[in-house]
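One structure below.
Read-outs throughout are calculated quantities, based only on the coordinates presented, and are distinct from any laboratory measurement. Treat the numbers as computed from the prediction; the structure is a model and nothing was measured. Virtual Cβ from ideal backbone geometry, glycine too; neighbours counted across all protein chains shown.
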Amino acid sequence: MAETVIDTEAQLREGQRAPSHRAANKEIDHIDPLAERFIAATPFITIASQREDGGLDVSPRGDPAGFMKVLDPKTLAIPDRPGNRRMDTHVNLLSNPEVAIMCMIPGNNDVLRIGGRARMVSDPDLAASMVVNGHTPSLILLVTVDRLMCHCPKAMMRSGIWEPEKWPDTADVPTLGEMVKAHGALADSIEQIDRDLAKDYSTNFY
Amino acid sequence: MTKASTIQSVDALRERVRPPARMSVDKVIDHIDDLAAEFIAATPFIIISSVRADGQVDLSPRGDPPGFMKVLDRKTLAIPDRPGNRRADTFTNIISNPEVGIICMIPGHEDTLRLAGRAQLVDEHALAETMVVAGHTPPLIIKVTVNRLLSHCAKAMVRSHIWDPEHWPDGAKVPSHGKMVKTHGALSQTLDEMETLVLDDKLNNLY
């Protein structure tokens, strides 16, 4: 049978059961106390933002649980920590404030999805409340929350993401050093790149 | 102490952040090379972002045994559909706007792979038959034409201790899916009924 491209919502819904009432109604437009507890226990998120050319970026952020602060039911503050300094997410926000955030708690199969509009602020008082290992974040993302929902755990269960006994052997998985060298066509040796990365991790962690 | 201010230009941003290293600038490629294909083959978990017709951004997790995604050629990645919440948010988005961004995560591995491109939803029986898990053939496949791919540094993974079970928080303190769905949807079921429904869905609709 040949390939059929699904390009209308009617085709998509054909033969599929409708979402349950529960799944269809679970979205709220603010951070309620339950979501706040989830956020307080979250050490890892991914942020999606849109480039000026319309392309999408997904970037990981991590810190000790409690690193994000709920300032009020509509506002989430996320501290900036040193990354690769490409600033992809930051630059995207300058032209388009829309973001989506997925909060993940290791060992917990449920995830929390948040959507809204973000801006970057320099706010010394707020930053002083987000110090980790003596480091004050220089920038903070302030997200005005428009959409929030708890996501079902099936993807987490199917992947075995929180079951270490199911994790794959990663000895043969290409490392960042290998990929950076190959993808950037760099002349430096992998050993040199790995040393540079190790230095980056030890000195630029916060 | 300076007052709070909003950053509104790249210049204001760069006053606060040093320029990236050359290796971070040069690492983006426009296709799936052999190294990225190896990474993808070991990946059991991804997060897909897509854009709603109204311009808002969505993120959705996808998981399956490692190798669930197929690299069809250097520009094309195939991702099988599995049962979810049937909201079909990502699919509906792709129909109106094909742009997607994907992050690939391998449990226990600190580097991540980011890729982006344009997606199509296809019903393609021959390809679906190569993606059977637990006897279930995916009804739909997302085909992504890759135009940006980069390997991402480990700092966020290390700072969060995401692959370090000794540091994982006590899950008993975290509100459950059943509790949040009941409260956020203002549902009349009891919490016990909700937890039973969620458990039943997990047991019976995983594939």
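Binning the alpha carbon pair distances of the protein assembly as shown at 20 angstrom intervals from zero yields the distribution 27, 61, 12, 0, expressed in whole percent. A Gaussian network model of chain A, with springs between Cα atoms under 10 Å, assigns the largest mean-square fluctuation among A:137, A:168, A:106 to A:168.
Its alpha carbons considered, the range A:132-206 gives a radius of gyration followed by a Dmax of 18.8, 47 Å. Mind checking the log10 I(q)/I(0) for chain B at q = 0.07, 0.12, 0.16 Å⁻¹? Debye, one equal scatterer per Cα, no solvent, two decimals. Per q value, in the given order, log10 I(q)/I(0) is -0.29, -0.82, -1.27. Helices that extend 15 Å or more along their long axis by alpha-carbon positions and average at least -0.5 on the Kyte-Doolittle scale are, among the DSSP H runs of chain B, B:191-204. When shorter helices are ignored and each DSSP H run of at least 4 residues is given -39500 (n - 2.57), the per-residue value for chain A at 222 nm works out to -7000 deg cm²/dmol. Within a straight-line Cα-Cα reach of under 13 Å, residue B:155 can be paired with the following aspartates and glutamates, leaving aside sequence neighbours fewer than 8 residues apart in one chain: A:63, A:80, A:200, B:110, B:111. Place a +1 charge on the Cβ of each Lys and Arg in the protein assembly as shown and a -1 charge on the Cβ of each Asp and Glu, then give the dipole magnitude about the Cα centre in debye, rounded to the nearest 20. The dipole magnitude comes to about 800 debye. The ranking of A:183, A:135 from fewest to most other beta carbons within 10 Å of each one's beta carbon is A:135, A:183. Computed over the alpha carbons of the range A:146-189, Rg followed by Dmax gives 17.5, 47 Å.
Sorting B:155, A:199, A:69 by the number of Cβ atoms found within 10 Å of their own Cβ, with the fewest placed first, yields A:199, A:69, B:155. The charge dipole of chain A, taken about the Cα centre with unit charges on the Cβ atoms of Lys, Arg (+1) and Asp, Glu (-1), comes to about 520 debye, rounded to the nearest 20. For the set A:69/B:3; A:26/A:154; B:182/B:202; A:26/A:166, the pairs lying more than 22 angstrom apart at their alpha carbons are A:26/A:166. By the count of other C-beta atoms within 10 Å, a proxy for reagent exposure, B:179, A:26, B:75 are ordered fewest to most as B:75, B:179, A:26. Look at the alpha carbon pairs under 8 Å that are at least 6 residues apart: their mean separation over the length of the range B:1-128 gives a relative contact order of 23 percent. Placing unit charges on the Cβ atoms only, positive for Lys and Arg and negative for Asp and Glu, gives the range B:46-176 a dipole magnitude near 280 debye about its Cα centre.
For the options B:134, B:156, B:119, a Gaussian network treatment of chain B with springs between C-alpha atoms closer than 10 Å singles out B:134 as fluctuating the most. The alpha-carbon of residue A:181 sits under 17 angstrom from the alpha-carbons of these lysines, leaving out residues fewer than 8 places away in its chain: A:199, B:27. Computed as a quarter of the hull surface, the mean projected area of the alpha carbon convex hull for the range A:25-159 stands at 8.7 nm².
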